[in-house]
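S.K.: First the structure, which I've put down as structure tokens, then a few questions once you've had a look.
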Amino acid sequence: MARPKAVTIGVEDGLSAALARELSPDYSSTLAARSADKMQALIEEAGAQMVLLDATKGKAIFRKRRSKP
């Protein structure tokens, strides 16, 4: 059975990273942030996918969502 999906937006070192770690055992996670540098270790630790986007720009989120199948 496939794991449910979780998306965490604005991933940095604080609360969002803690949330991503908490969800990773039970969810297929996608982490979104402006900088790949800040996410790389967490991506590897959580076994998550990475999406680069600036969540302060609403149109960027809409474009990412529309580009998914």
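S.K.: When the Karplus curve 6.51 cos²θ - 1.76 cosθ + 1.60 is applied with θ = phi - 60°, which whole-Hz ³J(HN,Hα) does each residue of segment 20-29 get, with x for Gly and Pro?
M.R.: Each residue of segment 20-29 in turn: 4, 5, 5, 7, 4, x, 10, 10, 7, 9 Hz.
S.K.: Quick check: residue separation of Q49 and S35 times 0.36 nm, minus the Cα distance between them. What number comes out in nm?
M.R.: 3.7 nm
S.K.: What residues qualify as long-range amide H neighbours of S29, i.e. H under 5 Å apart, gap of 5 or more or another chain, H built at 1.01 Å from N?
M.R.: Those qualifying (amide H under 5 Å, at least 5 residues apart or on another chain) are A6, Q49.
S.K.: Something else now. Subtracting the Cα-Cα distance from 0.36 nm times the residue separation, let me have the gained length for R21 to R3 in nm, one decimal.
M.R.: Net length gain for the segment: 4.9 nm.
Every number in this text was worked out from the coordinates using simple rules, so none of it is lab data. Just so it is clear, the structure is predicted and the values come from calculations on it, not from any experiment.
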